[in-house]
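The values are calculated or read from the model by the stated rules, or taken from the named source; none is laboratory data. Quantities reported herein were computed from a predicted structural model and do not represent experimental measurements. Quick reminder, even Gly has a Cβ in these numbers, built from the backbone with ideal geometry, and neighbours come from all protein chains shown.
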């Protein structure tokens, strides 16, 4: 199967939400029902995605028939949060359809974020991830991301802040 990577846009919103629900749905059993409901509501909040589309670059991976099976957002520096410094770009919502896992899609999406950040003269990329996401953590670490610090619990799970100087 031939996969295609391209820029995502607001017209991809429904496909992105479907992917987010499917890929993050694998963590449902690891969360309390209350925490799952909060996460599920976040994954289905159109405003979250619209805000990201307005100030971030979206990268999607699609099948030959344009089904979105992978996605992420690269938020440029100048957009600080309670986690991310204003001088850092950061990655949000890395998601891969579990039916397509193990094909290097997550790795390619991160590599594309790194390339994009370099072309935009960014100096740092950061991201956060949790104890539930062993496969993702392995990818980040294999690409040179280092744990900067442990974050407080989110959704009842341990989270870490990762950083890569580029």
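Data for the structure
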| quantity | calculated |
| --- | --- |
| Filter pass, residue 97 being loosely packed, with under 15 Cβ neighbours inside 10 Å and either within 11 Å of the chain's Cα centre (by Cα) or over 15 Å from residue 162 (Cβ atoms) (or both) | no |
| Those residues of segment 142-157 which are within 20 Å of residue 95 (Cβ to Cβ) and exposed (fewer than 13 other Cβ atoms within 10 Å of the Cβ), in sequence order | 142 |
| Residue in segment 76-89 that is at negative phi, within 15 Å of the chain's Cα centre (by Cα), touching a residue at least 12 places away in the same chain (Cβ under 8 Å) and part of a strand (DSSP E or B) present | yes |
| Which numbered condition residue 23 fails, given (1) at pLDDT below 95; (2) surrounded by fewer than 20 Cβ atoms within 10 Å (Cβ to Cβ); (3) touching a helix residue (DSSP H, G or I) at 6+ places or on another chain (Cβ under 9 Å) | (2) |
| Selection from segment 29-45 of residues that are surrounded by fewer than 16 Cβ atoms within 10 Å (Cβ to Cβ) and touching a helix residue (DSSP H, G or I) at 6+ places or on another chain (Cβ under 7 Å) | 42, 44 |
| Evaluation of residue 33 against (1) farther than 21 Å from residue 151 by Cβ; (2) modelled with pLDDT of 90 or more (one fails), failing number | (2) |
| Filter pass, residue 73 being at pLDDT below 95, surrounded by 17 or more Cβ atoms within 10 Å (Cβ to Cβ), within 15 Å of the chain's Cα centre (by Cα) and assigned to a strand (DSSP E or B) | no |
| Where a residue in segment 20-45 is farther than 10 Å from residue 155 by Cβ and its partner, wherever it lies, is buried (at least 16 other Cβ atoms within 10 Å of the Cβ) and modelled with pLDDT under 80, with Cβ under 7 Å and at least six apart | 24/39; 28/36 |
| Strands (runs of 3 or more DSSP E) lying entirely in segment 102-166 (those with 1 or more residues that are under 24 Å from residue 60 (Cα atoms), in contact with a helix residue (DSSP H, G or I) (Cβ under 7 Å, 6 or more places away or on another chain) and modelled with pLDDT of 95 or more) | 124-130, 157-165 |
| Answer from 2, 50 - the residue that is under 19 Å from residue 108 (Cα atoms) and exposed (fewer than 15 other Cβ atoms within 10 Å of the Cβ) | 2 |
